[in-house]
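One structure coming up, written as structure tokens, with questions to follow.
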Amino acid sequence: MSISINEKKLLGINGLGRIGKLTLWYHLLSRQFDGVVINVGREVGKGLGDMIHAMESDSTYGSLSHFLYGFSGRRCEIRIIDESVGLLEVDGFPVKVMRRERNPRDTGWLREGVRIVVDCTGKFLDPTLPGDDPRGSLMGHLTAGAHKVIASAPFKIKDKTLNENLKSPTLIYGVNHLSYLPDQHHIVSAASCTTTGLAHMVLPLLEDPETMNVLTASMSTVHAATNTQSVLDTVPTSGTSDLRKNRSAFNNIILSTTGAAATLEKVLPQIINFGFMADSVRIPTTTVSLISLNITFNSRMNGNGTPVINAGYINQIYNAASEGPQKGLLHFSKKQNVSVDLLGFPAAVVIEGHETHTRTGFLKVPHDIFESLGISNIQDINIPVTHAKIMGWYDNEFGSYVNCLGKLTEYIASKEG
């Protein structure tokens with residue numbers, strides 16, 4: 001038995017971890033698809049009832065009923081239609097749970113009527129691997145009958161000699177999703193949570209004539225713990241390079257790495273001109289992270305001798321973006337927020353305008369440099385350089401990342417014939 005019906009638009013979700021479950025929640029709220037088919041690839045607990053328990057409960061965001069209906073008192077009703085095939089109904093919305101095949105090639109998306117799959121496992125990230133790879137691959141979803149695959153993480157291409165950027169782009173909704181080409185792009189990456197927030201922070205600066213001349217930039221994300229870390233100290237597995245992720249996430253501030261800078265180059269290629277450094281500091285919270293962006297501009301002075309680029313100017317850029325092209329994706333806040341204030345907040349990034357700071361100094365170019373080039377009668381030149389520190393909150397699970405992932409999924413679906 002299948003929930004697939006001719007002319008119905010069904011979404012496939014592979015994996016029901018943090019992002020997989022919240023992706024389901026997003027589409028239960030959005031209702032842009034007619035149903036969802038989830039592939040878990042194994043039995044869960046003692047039956048479908050235990051699957052429902054995992055699906056409707058969350059230690060970070062509360063119950064599914066609260067997520068959908070707030071404090072109205074309305075309950076989300078989940079009914080088991082057919083235990084044997086995993087068919088459920090969530091407030092009238094059909095959801096099917098497949099519990100057999102772990103390899104994407106064996107999932108049978110064609111049989112289920114699924115054309116678009118969001119792979120949330122974090123296990124299949126190389127778009128160049130063939131569909132019949134025995135260990136599984138993103139292309140395996142296409143082999144199983146899907147038309148489009150969206151990976152909920154950055155690609156990791158094992159063979160570095162292969163360039164898949166044209167065939168398998170990295171897309172962030174509201175930044176470069178309009179570059180999606182339905183006839184050419186069948187496997188795409190939705191980047192990462194940090195890259196999503198960072199891209200929306202950087203984009204308006206690169207589009208403003210005063211701040212587009214960037215000399216250098218770096219960022220640190222103060223990041224909530226994730227399931228890649230250990231709850232308590234553990235012994236590293238063979239080949240582990242970062243020993244800190246085996247230390248207790250409960251007890252420590254943990255220095256870590258992030259691929260946000262490398263992924264950002266695929267979304268905003270102009271940053272290659274000035275380079276970008278990024279690092280991560282993991283802290284003992286469950287979600288909501290903070291980007292500290294440090295960026296230096298080739299600046300200029302006003303007629304009165306004050307720098308054109310200052311904190312007020314940068315905040316004006318972000319405020320205009322929040323009311324214009326990035327409305328609903330970038331939010332400019334004048335409040336003094338703490339992380340819990342942004343739990344579930346539906347924006348890619350929230351600029352903490354109260355904490356925007358700038359300093360302008362001068363790069364001295366001595367006259368003798370010009371003389372060495374055969375240019376005489378030139379005095380020392382002082383070139384103004386403005387450094388800015390900008391803070392941006394992002395709910396790295398639902399509010400920022402899953403919302404942008406969901407909107408990207410709906411956009412790709414809208415381009416299906």
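Please treat every number below as a calculation from the coordinates, not as lab data. This structure is a prediction, so every number in the text was calculated from the model and none was measured. Here Cβ is always computed from backbone atoms with ideal geometry, including for glycine, and neighbour counts include all displayed protein chains.
Based on DSSP, what percent of beta bridges with both residues in the chain are antiparallel, to the nearest 5?
Taking every DSSP beta bridge with both residues in the chain, the antiparallel ones total about 55 percent.
Could you work out the per residue convex hull volume over the alpha carbons of region 302-389, in cubic angstrom?
Taking the convex hull of the Cα positions in region 302-389, it is 146 Å³ per residue.
Of the cross-linked pairs Lys9/Lys266; Lys158/Lys415; Lys123/Lys167; Lys160/Lys245; Lys148/Lys266, which ones have a Cα-Cα span greater than 24 Å in the structure shown?
Beyond 24 Å between Cα atoms: Lys9/Lys266; Lys158/Lys415; Lys160/Lys245.
Gaussian network model of the chain, Cα springs within a sub-10 Å range: biggest mean-square fluctuation belongs to which of Asn251, Asn403, Asn298?
Maximum among the listed residues: Asn251.
Then there's this: Using the eigenvalues of the Cα gyration tensor, what equivalent ellipsoid semi-axes result for region 194-397 when each is taken as the square root of five times the eigenvalue, whole Å, largest first?
Semi-axis lengths for region 194-397 are 37, 22, 14 Å.
Taking H placed 1.01 Å from N in the peptide plane, check which residues at least 5 places from Ile13 or on another chain put their amide H under 5 Å from its amide H.
Residues meeting the criterion, in which the H sits 1.01 Å from N, are Val37, Ile38, Asn39, Val118.
For Rg/Rh (Cα atoms, Kirkwood Rh), one of (1) 0.93; (2) 0.96; (3) 1.03 was computed from the structure I shared and the rest are decoys. Which label?
(3)
Nearest-5 percent of antiparallel DSSP beta bridges in region 10-164?
30
Could you bin all the Cα-Cα distances of region 58-114 into 5 Å bins starting at 0 and give me the percent of pairs in each, rounded to whole numbers?
Whole-percent P(r) values from 0 Å outward: 4, 15, 18, 19, 16, 14, 9, 4, 1.
Hey, rough spin-label estimate for Gln32 and Ile81, points 7 angstrom out along Cα→Cβ, what's it come to in nanometres?
About 2.3 nm, to one decimal.
Grab the DSSP H runs of the chain that are 4 residues or longer, score each as -39,500 (n - 2.57), total them, divide by all residues and round the 222 nm result to the nearest 500 deg cm²/dmol.
Calculated at 222 nm, the ellipticity per residue is -6000 deg cm²/dmol.
Still on this structure: Given region 194-397, what percent of its DSSP beta bridges are antiparallel, to the nearest 5?
Among the beta bridges of region 194-397, antiparallel pairing accounts for roughly 75 percent.
Another one. Out of Asn246, Asn14, Asn304, any idea which swings most in a Gaussian network model of the chain, alpha carbons joined below 10 Å?
Per the Cα network of the chain with a 10 Å cutoff, Asn304 tops the list.
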